[in-house]
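Colleague: Below is a structure I'd like to ask you about.
The values are calculated or read from the model by the stated rules, or taken from the named source; none is laboratory data. Just so it is clear, the structure is predicted and the values come from calculations on it, not from any experiment. Glycine also receives a Cβ, built like all others from the backbone with ideal geometry; neighbour counts cover every protein chain displayed. Keep in mind that these areas ignore ligands, DNA and RNA; they rest on the heavy atoms of the full protein, side chains included. Shrake-Rupley method; radii C 1.70, N 1.55, O 1.52, S 1.80 Å.
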Amino acid sequence: MPIEPNPPAPASEREREAVDRALARVGAEPRRSDLLPLLHAVQDDLGWLPRGALHHLADRMNLPFPDVWGVATFYALFRLDPPRGTILHVCDDVSCRLRGADVLVRDLQARYGPPRRFAGGAHGDARNGRGAAAPPAVDWETVPCLGRCEEAPVAVAGGRELGHATAGVIAAALGQAGGDA
Amino acid sequence: MPEVRRLLARAGVADPESLEAYRSLGGYAALARVAERGPAWVLSELEASGLLGRGGAAFPAGRKWRAVAEAAGRRRVVCNADESEPGTFKDRVLMEQDPFAVVEAMTIAGLTVAAEDGLVYVRGEYRLAAARLRRAIDQAERAGLLGADVAGTGRAFWIRVVRGAGAYICGEETALFNSVEGRRGEPRNKPPFPTQAGLFGDPTLVNNVETLCNVPIVVLEGASGFRRYGTDRSTGTKLFCVSGHVERPGLYEVPFGTTLGELLALAGGVWRGRRLQAVLCGGAAGTFLGPDRLDLPLTFEGLQPVGGTVGSGAVIVLDETASLWDIVLRVARFFQEESCGQCVPCRVGTQRQLEIVTRLASGRARPEDPQLLADIGAAMTDASICGLGQTAAGAVLSALALRPGAPSSSNGGASAAHGRPGEVV
Ligand SMILES: Cc1cc2nc3c(=O)[nH]c(=O)nc-3n(C[C@H](O)[C@H](O)[C@H](O)COP(=O)(O)O)c2cc1C
Ligand code: SF4
Ligand code: FES
């Protein structure tokens, strides 16, 4: 789990606005049970959850920052550092492995460098992929079952769900998604 | 036994975004009957139907509904759509293809247990399912089938959709409550049970998507009509998610009592004319069954004696060339990563289990490893506070039982781990 650095980063203008927009949609008095939808909304807007935005959200909700941080870090879908390219999730769980996910993962590694999370639970450092100066256009990781095992192997590229995925199918989808998250 | 289409009657047939299409195929007839006959009638039919929960724990639905109906104070209805068990996709198909059925069933639940607040907790990755549910809720509200006055009953019921954010543990009902309440998705101690103190501390009816989708069938056909399918103790039909090494992976609805072999035959059998090595029945929380189990009837009572489980309905097929230990290793990693870490037996146990299985899968097993796995498994099963820890050793130990002794390349060791699927290594 990422450790909250000290001192906290202040929210940028854009981050503050994203949080305020999300809160405006919730209406009057945000409650703690609005937190999960709010985190989704902010991430949909900014592409990730910057620390400054979380501080601003905590302030506006009258919650201690560690509570907001604790929730944001609990869930795999929340990103706490900026995407380094289009987000790509590749299922390497049981049904997909039986249908070639291991080969797919190897092919993708050759193209895009090591994933964030790799077999064995080790966390690959994507910055080593292509060097920090030229970040790869793809920010990818292997994930547990995506619930589409009848189309294994399965990937999600830039929000698009891909069944019977191959490195080629994924590259084509990434091309259409552009370099943005 | 033939495939049937009851839960899947509308899937792929009706436009899932159209209330009219849903109604033209029998939708909302059940709600009308419930409005006419009242809650007591629904409760007695549901109890007599023998419907058991499809979310994994097989708890009698009727008993749960009655407990909430008889609880004091404000009540809530929660549909558990967090579906994250590896190999499971039935709830996604139901929500994507027949979202109004989920909405109607929840509305019936609301009227029956006298709740006004309904909530569907949808797995974060299921964007289409969440969107379709929201559309269905919208249309139902506009048609007066949901909202301040449900179908002219004078009773209110509302449904809210909440998206999860990628945590298997949030499918556990009390972890789900914490997640909705804006806390970390860690399970609570039970008791109190959800029927007593659930979401926001209120008595809460939690049911799985598939469980709920059975309710309109019970209402329309009565308990005896429902019982025409299945066995005496496992009533009705069941959705099985067949994946892996079969010719036609997919979702199959069959009556309980269909044998494993019959189900595999429906899916076209083991692919490429190969022989069966094993079936992982119930997903990561399930167990491996060998080819000698093909005659086993798929029922709660039939699987239990062999240590098996219907679980979520995941049926993952491994052909003779698959690397069993590569798959076991993935399962062990799954539990290590998804353990919420709240209690020690599970946090430490899933980590130790992963280390030992890693040794086994790479052919470096030590003589004491099988015994160690058994000890760790017993500790997790006995002392974990939730079902994740309690089932985390099941698949691993059943694989050991299937392949006693250290794995080698000939019985599915690591050397086969990097082959293409189907490649004989
Ligand atoms: C780790 C874990 C994960 C679970 N995931 C789900 C799930 O995704 N969907 C579900 O319906 N039940 C899941 N359950 C079971 C729920 O706790 C609960 O028993 C179920 O939702 C009750 O509904 P039912 O009686 O209709 O089966 C899970 C349980 C555990 C221990
Ligand atoms: S058994 Fe595991 S997942 Fe369940 S509460 Fe304990 S640590 Fe968390
Ligand atoms: S195992 Fe990959 S989608 Fe289910």
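Colleague: Report yes if B:Ala105 is part of a helix (DSSP H, G or I), away from chain A (no Cβ under 12 Å) and either open to solvent by less than 10 Å² (accessible area, probe 1.4 Å) or within 16 Å of ligand 3 (Cβ to nearest atom) (or both), otherwise no.
Modeller: yes
Colleague: Something else: Go through the stretch B:147-186 and give me each residue that's more than 10 Å from chain A (Cβ to nearest Cβ) and part of a loop (DSSP other than H, G, I, E, B).
Modeller: Of everything in the stretch B:147-186, those that are more than 10 Å from chain A (Cβ to nearest Cβ) and part of a loop (DSSP other than H, G, I, E, B) turn out to be B:Ala148, B:Asp149, B:Thr153, B:Gly154, B:Arg155, B:Ala156, B:Glu172.
Colleague: Let me ask something additional. Given the condition away from ligand 2 (no atom under 16 Å from the Cβ) and surrounded by fewer than 24 Cβ atoms within 10 Å (Cβ to Cβ), answer yes or no: does some residue in the stretch B:341-357 qualify?
Modeller: Checked the stretch B:341-357: at least one residue is away from ligand 2 (no atom under 16 Å from the Cβ) and surrounded by fewer than 24 Cβ atoms within 10 Å (Cβ to Cβ).
Colleague: I need every pair where a residue in the stretch A:81-100 that is near ligand 3 (Cβ under 8 Å from one of its atoms) has its Cβ under 6 Å from the Cβ of a residue that is assigned to a strand (DSSP E or B), sequence separation at least 6 or different chains.
Modeller: A:Cys91/A:Val143; A:Asp92/A:Thr142; A:Val94/B:Ile316; A:Ser95/B:Ser243; A:Ser95/B:Gly244; A:Ser95/B:Ile316
Colleague: Follow-up. Can you pull out the residues in the stretch B:205-254 that are in contact with a Pro (Cβ under 9 Å, 6 or more places away or on another chain) and away from chain A (no Cβ under 14 Å)?
Modeller: Those that are in contact with a Pro (Cβ under 9 Å, 6 or more places away or on another chain) and away from chain A (no Cβ under 14 Å): B:Leu205, B:Val206, B:Arg228, B:Tyr229, B:Gly230, B:Thr231, B:Ser234, B:Gly236, B:Thr237, B:Lys238, B:Val254.
Colleague: Now for a separate question. Go through (1) in the same structural domain as B:Gly282 (by TED's automatic domain parsing); (2) out of contact with any Phe, Trp or Tyr (no Cβ under 7 Å at 6 or more places or on another chain) for B:Cys241 and report which single condition fails.
Modeller: If we test B:Cys241 against (1) in the same structural domain as B:Gly282 (by TED's automatic domain parsing); (2) out of contact with any Phe, Trp or Tyr (no Cβ under 7 Å at 6 or more places or on another chain), just (2) comes out false.
Colleague: Sort out for me the helices (runs of 4 or more DSSP H) sitting completely within the stretch B:33-100 that have 2 or more residues that are closer than 22 Å to B:Val150 by Cα and more than 13 Å from ligand 1 (Cβ to nearest atom).
Modeller: Result: B:39-49, B:61-69.
Colleague: Does B:Gly261 satisfy the condition of being touching a residue at least 40 places away in the same chain (Cβ under 8 Å), away from ligand 2 (no atom under 16 Å from the Cβ) and either open to solvent by 10 Å² or more (accessible area, probe 1.4 Å) or touching a strand residue (DSSP E or B) at 6+ places or on another chain (Cβ under 9 Å) (or both)?
Modeller: So B:Gly261 does not fit the description; no.
Colleague: Between A:Asp107, A:Asp20, which is touching a residue at least 12 places away in the same chain (Cβ under 8 Å), more than 26 Å from A:Ala172 (Cα to Cα) and either assigned to a helix (DSSP H, G or I) or of a type in the set (Lys, Arg) (or both)?
Modeller: After applying the criteria, what remains is A:Asp20.
Colleague: Name every residue in the stretch A:51-91 that is within 23 Å of B:Leu280 (Cβ to Cβ) and within 7 Å of chain B (Cβ to nearest Cβ), in order of residue number.
Modeller: Matches in the stretch A:51-91: A:Ala76 only.
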